[in-house]
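**Q** The structure under discussion is supplied below as structure tokens; questions concerning it will follow.
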Amino acid sequence: MLDALGAASIKRAESAGNGPLYNGAASMGVPRHAGSINDIAKLFAGMDSSHSQTAAVIAHKQRMDTLWATHVNAYRNPLQSWASEEISDFKNANAMFYPFSGPDFLFASALFPGAETYVLAGLEPAEPLPRLTDLSQSEIDSGLTGLHNACSSIMHSGYFITTEMRSNLQATRFRGVLPLLMAFMARTGHTVESVDTVRLDGAGNVTLSGSSGNTGLMIRCRSGFGASKRVFYFRQDLSNAGVSAGGPFLTFVSRLGRIPAFLKSASYLMQEGSFSNIRDYLLRHSRAIVQDPSGVPYRDFARYGWNLWLYGNYRGTLGIFGGGQPAAGLGGGLFFRALPCQAAELRHWLSDQPSIDLPHGGASNPLKPERQTFG
């Protein structure tokens with residue numbers, strides 16, 4: 001069992017002998033050797049690896065190179081420039097919390113590159129990988145095609161289309177969030193070192209588990225600068241039926257300290273009373289919140305005395321989400337960032353789809369924010 005996680009450091013226990021300490025890697029079907037794990041991540045990402053360079057593998061690399069170039073120019077470079085200017089005081093926080101994320105390590109790492117610990121949560125499963133040596137070449141090839149298709153929407157549009165992602169992944173042997181997380185880590189310059197299966201006990205402690213008791217993943221990696229990082233992904237129901245302020249999941253998050261949160265493509269769920277627990281937790285405990293309009297309702301920031309800065313041109317809500325955030329409640333469509341009272345902070349970033357005109361080509365945001373203060 002791992003003890004309560006320290007807010008400022010990354011710790012890993014070592015075995016007394018030369019054998020593996022945990023069987024998490026075996027239960028997930030990934031090799032224990034760090035170089036082999038990272039090689040698989042590169043294969044998934046469409047990067048140079050030791051795996052056979054079949055026509056399908058080469059085609060996957062070409063497709064992923066194109067996707068990555070599009071994503072970097074349209075999203076990653078502009079976001080990193082924006083973060084450096086507008087959230088420089090907490091973009092290097094030691095940890096960050098990203099509920100409703102799915103396997104989106106791309107945006108988490110772009111906005112919070114200095115974090116040592118990332119906590120992601122969604123409903124998508126964390127399934128074991130098949131051993132590549134047990135697969136036929138056609139199964140590997142179709143898996144890579146499904147992986148590309150699952151990556152396509154977030155790299156092109158900035159968000160996952162959940163039903164399409166699930167369909168693309170479940171139709172192949174590369175299922176669940178692990179292949180996507182590994183691919184995104186490799187593409188963002190991280191070296192994947194280990195994968196463990198985890199679950200939370202009743203007190204919110206992380207325990208290592210076999211695949212049968214698995215509700216999440218703990219992936220250890222290093223940035224391009226050599227900084228050690230942990231990325232937690234939990235398959236977690238974030239409705240009131242699944243989380244409460246004193247429950248295991250939010251207790252685990254709280255042990256990381258007062259950390260920034262990020263919300264994007266959250267389907268406006270926190271406008272519903274059935275998601276009030278996670279919404280109120282974020283407003284009470286976050287050091288900062290960076291979000292698009294689908295996150296915490298604008299009206300609720302007033303209840304907790306947050307100061308807000310708007311960014312972007314609000315163009316309304318996609319029809320599939322009904323009313324969403326009313327335009328009048330977002331200050332007439334202005335750019336927006338925010339700080340709550342008593343040093344708790346909010347930065348409110350409105351995403352490119354459907355609600356922001358992001359600067360493309362890596363330019364910093366030239367528009368001036370308008371501040372709104374509550375309390």
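The values are calculated or read from the model by the stated rules, or taken from the named source; none is laboratory data. Please read all numbers here as calculations on a predicted model, not as lab measurements. With ideal geometry, Cβ positions are generated from the backbone for all residues, glycine too; neighbour counts draw on all protein chains shown.
**Q** Test Asp300 against the criterion of being modelled with pLDDT of 80 or more, surrounded by fewer than 20 Cβ atoms within 10 Å (Cβ to Cβ), assigned to a helix (DSSP H, G or I) and within 22 Å of the chain's Cα centre (by Cα), and give yes or no.
**A** On the way: modelled with pLDDT of 80 or more: yes; surrounded by fewer than 20 Cβ atoms within 10 Å (Cβ to Cβ): yes; assigned to a helix (DSSP H, G or I): yes; within 22 Å of the chain's Cα centre (by Cα): no.
When the stated conditions are applied, Asp300 does not pass them.
**Q** Among the residues of segment 260-291 satisfying the criterion of being within 15 Å of the chain's Cα centre (by Cα) and hydrophobic (A, V, I, L, M, F, W, C), which is surrounded by the most Cβ atoms within 10 Å (Cβ to Cβ)?
**A** First, the residues of segment 260-291 that are within 15 Å of the chain's Cα centre (by Cα): 260-266, 289-291.
If we keep only those that are hydrophobic (A, V, I, L, M, F, W, C) too, we end up with 261-263, 266, 289-290.
On the way: Ala261: 24, Phe262: 26, Leu263: 25, Ala266: 22, Ile289: 24, Val290: 30.
This residue is Val290.
**Q** Scan segment 41-51 residue by residue and report those that are assigned to a loop (DSSP other than H, G, I, E, B) and among the small types (Gly, Ala, Ser).
**A** The initial filter retains those residues of segment 41-51 that are assigned to a loop (DSSP other than H, G, I, E, B), namely 46-51.
Once the filter is applied, which keeps residues that are assigned to a loop (DSSP other than H, G, I, E, B) and among the small types (Gly, Ala, Ser), segment 41-51 yields Gly46, Ser49, Ser50.
**Q** Is one or more of the residues making up segment 109-117 in a helix (DSSP H, G or I), among the aromatic types (Phe, Trp, Tyr), within 11 Å of the chain's Cα centre (by Cα) and within 29 Å of Ser239 (Cβ to Cβ)?
**A** Among the residues of segment 109-117, not one is in a helix (DSSP H, G or I), among the aromatic types (Phe, Trp, Tyr), within 11 Å of the chain's Cα centre (by Cα) and within 29 Å of Ser239 (Cβ to Cβ), which makes the answer no.
**Q** Failed condition for Lys61, given (1) modelled with pLDDT of 95 or more; (2) under 17 Å from Gly295 (Cβ atoms), with all others met?
**A** (2)
**Q** Could you run through segment 213-243 and say how many residues are farther than 30 Å from Glu272 by Cα, of a type in the set (Gly, Ala, Ser) and free of Cβ contacts under 8 Å to residues at least 12 places away in the same chain?
**A** Pass one, segment 213-243, residues farther than 30 Å from Glu272 by Cα: 213, 218-230.
Going one step further and asking which of them are of a type in the set (Gly, Ala, Ser), we end up with 213, 223-224, 226-228.
In the following step, the residues that additionally are free of Cβ contacts under 8 Å to residues at least 12 places away in the same chain were identified as 226.
Count: 1.
**Q** Within segment 52-90, can you find the residues that are touching a residue at least 40 places away in the same chain (Cβ under 8 Å), in a loop (DSSP other than H, G, I, E, B) and under 21 Å from the mean Cα position of the chain (by Cα)?
**A** Passing the criteria: Ile87, Asp89, Phe90.
Each row is one residue, and each column tells you yes or no for (1) more than 19 Å from Ser286 (Cα to Cα); (2) in contact with a strand residue (DSSP E or B) (Cβ under 9 Å, 6 or more places away or on another chain); (3) among the charged types (D, E, K, R); (4) buried (at least 17 other Cβ atoms within 10 Å of the Cβ).
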residue	(1), (2), (3), (4)
Val195	yes, yes, no, yes
Val206	yes, yes, no, yes
Met218	yes, yes, no, yes
Ser228	yes, yes, no, no
Pro248	no, yes, no, yes
Thr251	no, yes, no, yes
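**Q** Please pick out the residue among Lys42, Lys91, Lys11 that is among the basic types (Lys, Arg) and either modelled with pLDDT of 95 or more or in contact with a Lys or Arg (Cβ under 8 Å, 6 or more places away or on another chain) (or both). Working first, answer last.
**A** Working: Lys91 fails: either modelled with pLDDT of 95 or more or in contact with a Lys or Arg (Cβ under 8 Å, 6 or more places away or on another chain) (or both); Lys11 fails: either modelled with pLDDT of 95 or more or in contact with a Lys or Arg (Cβ under 8 Å, 6 or more places away or on another chain) (or both).
Selected residue: Lys42, the only one of Lys42, Lys91, Lys11 that is among the basic types (Lys, Arg) and either modelled with pLDDT of 95 or more or in contact with a Lys or Arg (Cβ under 8 Å, 6 or more places away or on another chain) (or both).
**Q** Has segment 151-161 got at least one residue that is modelled with pLDDT under 85, more than 14 Å from His71 (Cα to Cα), part of a loop (DSSP other than H, G, I, E, B) and among the hydroxyl-bearing types (Ser, Thr, Tyr)?
**A** Within segment 151-161, none of the residues are modelled with pLDDT under 85, more than 14 Å from His71 (Cα to Cα), part of a loop (DSSP other than H, G, I, E, B) and among the hydroxyl-bearing types (Ser, Thr, Tyr).
**Q** A follow-up question, please. Select from segment 14-39 the residues that are in contact with an Asp or Glu (Cβ under 6 Å, 6 or more places away or on another chain) and not in a loop (DSSP other than H, G, I, E, B) and write down the one among them that is modelled with the lowest pLDDT. Step through it out loud before you land on a result.
**A** First pass over segment 14-39, keeping only residues in contact with an Asp or Glu (Cβ under 6 Å, 6 or more places away or on another chain): 22, 24, 34.
Narrowing further to those that are not in a loop (DSSP other than H, G, I, E, B): 24, 34.
On the way: Gly24: 51, Ala34: 55.
If we take residues in segment 14-39 being in contact with an Asp or Glu (Cβ under 6 Å, 6 or more places away or on another chain) and not in a loop (DSSP other than H, G, I, E, B), then Gly24 is modelled with the lowest pLDDT.
**Q** Testing Arg255 on (1) at pLDDT 95 or above; (2) farther than 24 Å from Met218 by Cβ; (3) of a type in the set (Lys, Arg), one condition comes back false. Which one is that?
**A** Arg255 satisfies every listed condition except (2).
**Q** In addition: Could you check segment 255-295 and list, in sequence order, the residues that are part of a loop (DSSP other than H, G, I, E, B), of a type outside the set (S, T, N, Q) and either within 19 Å of Ala83 (Cβ to Cβ) or touching a residue at least 60 places away in the same chain (Cβ under 8 Å) (or both)?
**A** Of everything in segment 255-295, those that are part of a loop (DSSP other than H, G, I, E, B), of a type outside the set (S, T, N, Q) and either within 19 Å of Ala83 (Cβ to Cβ) or touching a residue at least 60 places away in the same chain (Cβ under 8 Å) (or both) turn out to be Arg255, Leu256, Gly257, Arg258, Ile259, Lys264, Ala266, Arg287, Asp292, Pro293, Gly295.
**Q** Does any residue in segment 172-196 that is closer than 12 Å to Ala150 by Cβ come within less than 8 Å, Cβ to Cβ, of a residue that is among the hydroxyl-bearing types (Ser, Thr, Tyr) and surrounded by 22 or more Cβ atoms within 10 Å (Cβ to Cβ) six or more places away or on a different chain, and which pairs are these?
**A** Val177/Tyr233; Leu181/Tyr233; Phe184/Ser109
**Q** Identify the residue in segment 101-147 that is closer than 12 Å to Ala56 by Cβ and either free of Cβ contacts under 8 Å to residues at least 12 places away in the same chain or of a type in the set (Asp, Glu) (or both) and, among all such residues, is surrounded by the most Cβ atoms within 10 Å (Cβ to Cβ).
**A** Asp141
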